[in-house]
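*Asks:* Let me begin by handing over the structure; questions about it come next.
The values are calculated or read from the model by the stated rules, or taken from the named source; none is laboratory data. A quick note: this is a predicted structure, and the numbers were derived from the prediction, not measured. Virtual Cβ from ideal backbone geometry, glycine too; neighbours counted across all protein chains shown.
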Amino acid sequence: MISSAYIHIPFCEKICHYCDFTKFFYEEKMADQYLDALNKEIQFYLADEKQTVKTIFVGGGTPTALNLNQLDYLLRMIDRYFDVNTVLEYTFEANPGDLNEDKIKLLKSYGVNRISMGVQVFDNQLLEELGRLHRIDDVDKNISDLKKHGITNISIDMMYGLPNQTLAGFGESIDKALSYDLPHYSSYSLQIEPKTIFYQRYQKGKLHKPPEEIEADMFQLLIDKMKGNGKVQYEISNFAEPGFESKHNLTYWDNNYYYGFGAGSHGYLPGQRIINLRPFPAYVKEANDSGRPVLHTETIGKREQIEEELFLGLRKRVGIDREQFQRKYQIDLNAIYGRQIRDLIARGWLEETKQGIRMTEHGQMFGNEVFQQFLLDDQTDVNDVTT
């Protein structure tokens, strides 16, 4: 069963200096063309029969960069192809400052019940250095307006390890974020990605991140402050009050199937991952011509599924459930990964639980190194492993 749908809206009023997502400067005519092409793509896959999914996530870019008429067109499109009344979690990403009261009322009228707000940092100087347009006052107003109109399931995204960011400064950002007493928070360390302004500066020696040990201290401070305020860490970078974990993101971390629509989006269907074209002209042309603007399709066999089950599942604080793993793949977890598990436990990065295995709090600092241990070697045939 395909349990979720991701819909990508790639437009932004300004391109942030760190962002490598598929995005374009907002222009009204381009956005109109894109939405028509998006409609063609969704129609190709879903025809006219409304789909029942548990979650819908509209991300970007900045979906709320669309004007009111375009936003209405998008919401009507989603309503046409999905049974919104049965959706448990319907999320829109938003940038502070783009989200006025008219847009909030429109989103609410179409059943949107969750907003994920890209704040990044509560420091106006750092916001300017990141290339962000909003300021702290915009966050205050948007959160107040959302609550006023009955949307209280709000998440804030933050970043750490930013150029010129101190440990004390990050602590102040966390405190400000927690002062809103929202049900969900996410925070990620800055990654300097190719083809970004920050990457160009880094290559020229003009951009300096905090040392790794300070970044590790920031992560620990995040965990401690969230825990102290009743926000439970349920994934490496995500914290929530019980019951407010992101159901959509859990689709990814549980390695379940989902649709992906829009330029540069990824969909995960039984046996295959579909990666869409990124460039605007190529996406629009192919969506209009064939309804299938695909860059390429990856075959996902049992081996790839198992590897991804470990990469993704270990991001969650509950980790991997042995019984669920065996039911899903007809393989005992230790039969295929016993050596890796023993080695990582010995290093203090993994621990046994009643249900299975999970990363230790310390092990989360070395997540990528942990995940690499679960890449299967070429000699491993998952179909020959007995339980």
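*Asks:* Residue 320 fails exactly one of the following numbered conditions: (1) of a type in the set (Val, Ile, Thr); (2) over 17 Å from residue 372 (Cα atoms); (3) surrounded by 15 or more Cβ atoms within 10 Å (Cβ to Cβ). What is the number of that condition?
*Replies:* (2)
*Asks:* Could you list all residues from the range 48-65 that are of a type outside the set (Val, Ile, Thr), surrounded by 22 or more Cβ atoms within 10 Å (Cβ to Cβ) and either out of contact with any helix residue (DSSP H, G or I) (no Cβ under 6 Å at 6 or more places or on another chain) or on the phi > 0 side of the Ramachandran plot (or both)?
*Replies:* 60, 61, 63, 65
*Asks:* Report whether or not residue 177 is in a helix (DSSP H, G or I) and closer than 20 Å to residue 232 by Cα.
*Replies:* For residue 177, the condition - in a helix (DSSP H, G or I) and closer than 20 Å to residue 232 by Cα - is met.
*Asks:* Something else now. Does the range 143-150 include one or more residues that are hydrophobic (A, V, I, L, M, F, W, C) and either under 22 Å from residue 12 (Cβ atoms) or in contact with a Pro (Cβ under 6 Å, 6 or more places away or on another chain) (or both)? Steps first, please.
*Replies:* Residues of the range 143-150 that are hydrophobic (A, V, I, L, M, F, W, C), as a first pass: 143, 146.
From what's left, either under 22 Å from residue 12 (Cβ atoms) or in contact with a Pro (Cβ under 6 Å, 6 or more places away or on another chain) (or both): 143, 146.
Yes.
*Asks:* On to the next question. Which of the residues spanning the range 161-176 are charged (D, E, K, R) and buried (at least 17 other Cβ atoms within 10 Å of the Cβ)?
*Replies:* 176
*Asks:* For residues that are in contact (Cβ under 8 Å) with a residue 24 or more places away in the chain and over 15 Å from residue 7 (Cβ atoms), scanning just the range 21-47, find the one that is surrounded by the most Cβ atoms within 10 Å (Cβ to Cβ).
*Replies:* As a first pass, look at the range 21-47 and keep what is in contact (Cβ under 8 Å) with a residue 24 or more places away in the chain: 21-24, 26, 28, 30-46.
From what's left, over 15 Å from residue 7 (Cβ atoms): 24, 26, 28, 30, 32-33.
Values: 24: 17, 26: 20, 28: 12, 30: 16, 32: 15, 33: 17.
My answer is 26.
*Asks:* Now, a different point. If I ask for residues that are touching a strand residue (DSSP E or B) at 6+ places or on another chain (Cβ under 8 Å) and not aromatic (Phe, Trp, Tyr), which ones from the range 325-352 would you list?
*Replies:* Across the range 325-352, the qualifying residues are 333, 341, 344, 345, 350, 351.
*Asks:* So, one more: Taking the stated definitions as given, is residue 264 farther than 26 Å from residue 11 by Cα and in contact with a Ser or Thr (Cβ under 8 Å, 6 or more places away or on another chain)?
*Replies:* No, not satisfied.
*Asks:* Let me ask something else about it. When you go through 186, 179 one by one, which is the residue that is polar (S, T, N, Q), buried (at least 17 other Cβ atoms within 10 Å of the Cβ) and either on the phi > 0 side of the Ramachandran plot or at pLDDT 95 or above (or both)?
*Replies:* Exactly one residue qualifies, and that residue is 186.
*Asks:* On the given criteria, is residue 42 in a strand (DSSP E or B), modelled with pLDDT of 90 or more, within 26 Å of residue 113 (Cα to Cα) and among the aliphatic types (A, V, I, L, M)? Break it down into steps so the answer makes sense when it comes.
*Replies:* Values: in a strand (DSSP E or B): no; modelled with pLDDT of 90 or more: yes; within 26 Å of residue 113 (Cα to Cα): yes; among the aliphatic types (A, V, I, L, M): yes.
Taking the combined requirement at face value, the residue does not satisfy it.
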